[in-house]
Amino acid sequence: MDFPVSIVKEKRKSLSIQFTQSGVFLIKAPYFLKQSFINDFLDEKKSWMSKTLDNFSAFSYLKTPNECVTDVELAYFGEKYSLSVFEKKSKEMPYFKDNRLCFFVDRLDEKESNIKKLILWYRHLAKEIFEDRVYFFANLLGVEVKTVRIKELKSRWGSCSTLGNINLNWKLIKAPFSVIDYVIAHECCHLLHMNHSYEFWDCVESVYPDYKKCKSWLNKYGHYMLF
């Protein structure tokens, strides 16, 4: 089996390998290392690389689509759907039917505009749903939230400031609802504990007892959603 590999030589003492968001195995090697040693290293990693690629393919629907065309797979609340894209100049709202998302665009050939429209749809849904859940947990905890911002964060699902501002990654809309609730409860608890102390985790558990399962799901699958 051939693997997508990119080798970068730099000033370092050892070999390393990581799977990138583009679906390529990045190998970092010392300048002086011979190719034969790198090949042996890759042979040792074949089993792990094969499993990683299989998982990447199986959960590719969690990635953000890079095109808005019929049959592209995408995620919504942790479920897999396929797109059905229709050319229609009316402002008909997207809807779900038989595991498909029916989505309407002005012109099928306006690819750049259409993918922007799809992402904007995701973000609007995230804002509506996330804000509602933020204020739900804020009320449970008796804390005040000043603003909720929906952003595209590169490596985080959310953040909270001492001023009462909460930022949430719109890509979280692709996760199961329970995971969304966990992240939001997590950020709201930071309004009481700006750390990850025992008291903080006790606070999270008090409003979301199943948080450990959701945290585990994010650790296992969350990186796919960041693609």
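Things to note:
- So S82, is it touching a Lys or Arg at 6+ places or on another chain (Cβ under 6 Å), loosely packed, with under 15 Cβ neighbours inside 10 Å and under 24 Å from E152 (Cβ atoms): yes
Conditions tested, residue by residue: (1) of a type in the set (A, V, I, L, M); (2) at pLDDT below 95; (3) in contact with a helix residue (DSSP H, G or I) (Cβ under 6 Å, 6 or more places away or on another chain).
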| position | (1), (2), (3) |
| --- | --- |
| N99 | no, yes, no |
| V105 | yes, yes, yes |
| H124 | no, no, no |
| D132 | no, no, no |
| N139 | no, no, no |
| R156 | no, yes, no |
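For (1) outside any strand (DSSP E or B); (2) in contact with a Lys or Arg (Cβ under 9 Å, 6 or more places away or on another chain); (3) not assigned by TED's automatic domain parsing to the domain that holds V69, each residue gets a yes or a no:
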site: F96; (1), (2), (3): no, no, no
site: F103; (1), (2), (3): no, yes, no
site: I129; (1), (2), (3): yes, no, yes
site: Y135; (1), (2), (3): yes, no, yes
site: N139; (1), (2), (3): yes, no, yes
site: I173; (1), (2), (3): yes, yes, yes
site: Y182; (1), (2), (3): yes, yes, yes
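Residue by residue, here is whether (1) of a type in the set (G, A, S); (2) more than 29 Å from K220 (Cβ to Cβ) holds:
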position: K13; (1), (2): no, yes
position: F37; (1), (2): no, yes
position: L53; (1), (2): no, no
position: Y61; (1), (2): no, no
position: P65; (1), (2): no, no
position: A75; (1), (2): yes, no
position: M93; (1), (2): no, yes
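- Selected residue (criterion: surrounded by the most Cβ atoms within 10 Å (Cβ to Cβ)) from residues of region 139-161 that are over 14 Å from V183 (Cβ atoms) and touching a Gly at 6+ places or on another chain (Cβ under 9 Å): V145
- Only a single criterion out of (1) within 30 Å of I180 (Cβ to Cβ); (2) basic (K, R); (3) touching a Leu at 6+ places or on another chain (Cβ under 9 Å) is not satisfied by K51, namely (3).
- When A29 is tested against (1) under 30 Å from V5 (Cα atoms); (2) in a strand (DSSP E or B); (3) under 22 Å from the mean Cα position of the chain (by Cα), just one condition goes unmet, and that condition is (3).
- Test for I38: is it without any contact (Cβ under 8 Å) to a residue 60 or more places away in the chain, part of a strand (DSSP E or B) and not polar (S, T, N, Q): no
The values are calculated or read from the model by the stated rules, or taken from the named source; none is laboratory data. Note that the coordinates shown come from a computational prediction; the quantities given were computed from them, not determined experimentally. All Cβ positions, even for glycine, are placed from backbone atoms using ideal geometry, and neighbour counts span all protein chains on display.
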